[in-house]
1. Name the residue that is nearest to the ligand (Cβ to nearest atom), counting only residues in segment 286-302 that are among the charged types (D, E, K, R) and not in a loop (DSSP other than H, G, I, E, B).
2. Have a look at 83, 101 and point out the one that is within 16 Å of the ligand (Cβ to nearest atom), under 19 Å from residue 235 (Cα atoms) and in contact (Cβ under 8 Å) with a residue 60 or more places away in the chain.
3. From the list 236, 224, exactly one residue is farther than 26 Å from residue 134 by Cα, in a strand (DSSP E or B) and either within 16 Å of the ligand (Cβ to nearest atom) or among the β-branched types (Val, Ile, Thr) (or both). Which is it?
4. Which one of the conditions (1) charged (D, E, K, R); (2) under 19 Å from the mean Cα position of the chain (by Cα); (3) more than 28 Å from residue 205 (Cα to Cα); (4) not in a loop (DSSP other than H, G, I, E, B) does residue 326 fail to meet, given that it meets all the rest?
5. Assess whether residue 312 counts as being in contact with a strand residue (DSSP E or B) (Cβ under 6 Å, 6 or more places away or on another chain) and either farther than 27 Å from residue 135 by Cα or surrounded by 17 or more Cβ atoms within 10 Å (Cβ to Cβ) (or both).
6. Listed residues 26, 95, 52; which is at negative phi and either surrounded by 17 or more Cβ atoms within 10 Å (Cβ to Cβ) or assigned to a helix (DSSP H, G or I) (or both)?
7. Kindly establish whether residue 130 is farther than 30 Å from residue 305 by Cβ and of a type in the set (A, V, I, L, M, F, W, C).
Amino acid sequence: MKFAWSVLLILLLPQCFSIGIHHGVYHYYSYNEMVNLLNELKEKHGKIMEYYSIGKTYGGRDIMVIKISDNVSIDENEPEILFTAAHHGNEKPSYQFLLKFIQYLCNEYDKNVTIKHAVDNAEIFFIPMVNPDGVENNTRKNMEPNNCIGENIFSVMRGVNLNRNYDIGWDEWKPWYFTTTTATPYGDVLLSMLGYPPEYRGEKPFSENETKAIKIFVENRHIILAADFHTGAGKIIFYPYGYTNRKPKDEATFISIAENVSAINGYAFSEAGKAATGMEMDWLYDKHGVYAIIIEISREIAPQEENKVEEIVRENIPACMYLINRANEFMKSPSL
Ligand SMILES: [Zn+2]
């Protein structure tokens, strides 16, 4: 009997230990929790908020767009802004922040004249979970099988890095050891063994459901300004280009946007400068003339402490309010 009790104790100990560790760990929204939240917000704030799906992922999840504006069901002649997050599914603070920002706009609209003015004079679009399959599986890439031998042996070969799949510099890949972009899923096995994140760019530009959906969405809108949120690189604002050292012709405007955002959230800023090919930011700017930036909001990919996530939210809500107002200025005077 004594022996049995000690075995039981040993079996139970790790459970107690893990319960202890997980106590107080920050909870990021799951995909289903996001959908429930969007339902609730639409019921309560349907006058200024709506959402809809622009496509399905390999895993059958919806790629959701949220629109916030006055007369939300009407396409008005107002500046359009696009906020995207979770191209990389494991970068959870990125979408968590956008969902908090959406809630903030909904809740403050009737109480805060500044917020009301911003919402009334813009059409604000959000795609908080570009890669919901990656969010649910806590992976950087999506969950496309890639149909290659050994995908079940090396799970890292599964999936495409969605922020390498846009049609901008996509062909300018180099062998895996020279760049962060790999041409085949096999390269990701080597990268992961060397401690680098998986980077497979896909079979061709826009080969993925998620990027295809964003392409069609953007082609049917007139987005003026955009910010794409990421984690893992510290707190820093990037502007184009990221696929080449070539300077954007609107460099002065980008620097002015980045400087202003930096003055608000306190982050550093820099040209992305040959960081990666096939990124949404470069594509939005180069093909659609959108003033697109990336905001990296955390050194840790997904911090577990609530105060760190709260800090990100606190830093970036005012920064995004600035971007909304800046889009409005562009609308009034396109040469700004
Ligand atoms: Zn990222």
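Just so it is clear, none of the values below were taken in a lab; they were calculated from the coordinates. Because the structure is predicted, anything quoted here is derived from the model rather than measured. Backbone-built Cβ (ideal geometry, glycine too); neighbour counts: all protein chains shown.
1. Start the filter on segment 286-302 by keeping residues that are among the charged types (D, E, K, R), which leaves 286-287, 296, 299-300.
Subsequent filtering for residues that are not in a loop (DSSP other than H, G, I, E, B) retains 286-287, 296.
Details: 286: 19, 287: 21, 296: 8 Å.
It comes out as 296.
2. The unique qualifying residue is 83.
3. On the way: 236 fails: farther than 26 Å from residue 134 by Cα.
None of the others qualify; the one that does is 224.
4. Result: residue 326 passes all but (2).
5. Judged against the criteria, residue 312 is a match.
6. On the way: 26 fails: either surrounded by 17 or more Cβ atoms within 10 Å (Cβ to Cβ) or assigned to a helix (DSSP H, G or I) (or both); 52 fails: either surrounded by 17 or more Cβ atoms within 10 Å (Cβ to Cβ) or assigned to a helix (DSSP H, G or I) (or both).
Result of the check over 26, 95, 52: 95.
7. On the way: farther than 30 Å from residue 305 by Cβ: no; of a type in the set (A, V, I, L, M, F, W, C): yes.
So residue 130 fails the test.
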